[in-house]
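Shown next, in structure tokens, is the structure this report addresses.
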Amino acid sequence: MTTDGSSFWTSGSVPLIEPEFLSSIISAASDIALVVSAEGSILSVLLNAQDDSFGNLSHWEGRPMVEFLTDDSIDKFQNAHGAYLAGTPPKKSVELNHTDNAQWQYPVRYTFHRFGQENAVLLLGRDLRPIAETQQQLVQAQIALEQGYEARREFDTRYRVVMGNVEDAVVFVSVQTGRVEDANDLAAACLGLKTEALVGATFASLFSDRSGAELTENLLNATLSDDAGPVQLRASRTRQVLNVIPMVFRTAGQRVLMCRLVGDDTATAKPDAAASHAAALFRSTSDAMVFMDPRGSVLSVNDAFLDLVGAAHLSDVVGASLADFLVRGQIDMGVLLENAEKSGQVRVYATRLVNDLGARVPIEVSATRLEDPNNPAVALIIRDVSRLEAVRKADTGRGDTLPDPGRNVMDLVGSASLKEIVAETTDVVEKMCIETAVNLTRNNRVAAAEMLGLSRQSLYVKLRKFGLLSKDG
């Protein structure tokens, strides 16, 4: 390149530089510059005048390079230096860790350059300590971040344990959106929903007597007033009157309401012995008990029902339709609800129940409609009759005995086909008629045969069939 006819640049892109200026340029262009002989000795050390962190390294001159390298860097330098002497200088920079009498060490990235002296090499180095410090800071930040995540997971675990074991029904509601952010299983049971369905729902939609803006305002006013009582609401699904006790707090720049749901105190102000006994029976009885609304949705169940269907949590059942657990689904549900609505109760209804594992358990159900205008419900008592069914089958399998004549034919509906019921009840009715005729005629077989419209021979055959020949009038 020439400018106005001058020839400042005489060798391509390398300018002619006076020797007295070369060292200052090299030291300014790098943090540390070393001239190393073919034998690996340090001929000269140049340091950047703007950086005094290296200290005085004049004692390096005239000594082998490997004396000032860590063990892991000696092989790297010798391999790179050998390649340079062979005429193939490294194309990439080489990172070497320096040490000086084991007092300190620091990493330097070197590039290899040919020098004026034969086989001497110029190493231009860039101090990597700022990068190493930055990397160390990143590692420490990553460790701190992981520790923060671990603390967050531990806090979340403790929070979930408390929410799952606290005796109060608790709901967290966002003031800004009015939606449920979290709730425990007890709150879900009070509101007639599963926990998964409750989270994200609009809090006001769970109650039948307040709009969204009105409910939020009432709850916030209750938190501001020292003498304000709880906000009384009626759950739209369970129809239960609940006292909502709110508390507001701020997190992540947003206000959140923590609402405790408590049953209406007026219903429990005067404890009743019968109610207390009924509650104890509900908890402790071996028979499954279920309360459902007139549409068939489960309101509450006892532990015996959870054992019967194999459910792990109350929230797995509450809010679901009882038809989901019956083998004939809506058919069984329709029979129970219709008869309970018409007559007020169903004494015995035989069907089968399906548990979580798909097993079908024979059961007998009695249903009662509870007359409560505010909280209409149907109560069910469910009994596992798998053992009784086995005994019945064993009894009917013997040829010398027949079912008890007094057995209610309605007990068989649902547990056997119509053909089987007709076949069984025919023998029962026939035996009952013959026994009655024999008793009325004081064991006069001729009169009994005439009363029944049978021949004497046919009567004797049937007496022998039913084991009545030895019967004394």
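Miscellaneous remarks
- For Val346, the residues 5 or more places off, or on other chains, whose built amide H falls under 5 Å of its own are Ala367, Thr368.
- Other-chain or far-sequence residues with amide H under 5 Å of Val175's (modelled H): Arg255, Val256, Leu257
- Filtered GluC sites (Glu not before Pro), the range 131-208: DSSP coil and at most 11 other beta carbons within 10 Å: Glu167
- Listed peptides 170-176, 51-57, 293-299 appear in the order 170-176, 293-299, 51-57 once ranked by packing, highest mean of other Cβ atoms within 10 Å at the front.
- Between Arg456 and Arg153, the simple label model (points 7 Å from Cα in the Cβ direction) yields a spacing of 9.5 nm.
- Computed over the range 166-266: relative contact order in percent, which uses C-alpha pairs under 8 Å that are six or more apart: 29
- For the peptides 329-335, 69-75, the ranking by packing is 329-335, 69-75, with the highest mean count of neighbouring Cβ atoms within 10 Å listed first.
- Å³ per residue enclosed by the Cα convex hull of the range 284-389: 98
- 3J(HN,Hα) couplings calculated from phi for the range 433-439 with the Karplus curve 6.51 cos²θ - 1.76 cosθ + 1.60 (θ = phi - 60°) are, in sequence order, 5, 5, 4, 5, 5, 5, 5 Hz; Gly and Pro show x.
- Cα centroid separation - the range 86-146 against the range 312-375, whole Å: 78
- Prolate/oblate/rounded label for the range 166-266 (Cα gyration tensor, a/c 1.5): rounded
- ³J(HN,Hα) computed for each position of the range 442-458 - Karplus, 6.51 cos²θ - 1.76 cosθ + 1.60, integer Hz, glycine/proline x: 6, 6, 7, 5, 5, 5, 5, 5, 5, 4, 8, x, 10, 6, 4, 5, 5
Rule-based calculations on the coordinates, nothing more; no lab input. Nothing here was measured: the structure is a model prediction, and the numbers come from that model. When we count neighbours, we look across all protein chains shown, and the Cβ atoms used for this are built from the backbone with ideal geometry, even at glycine.
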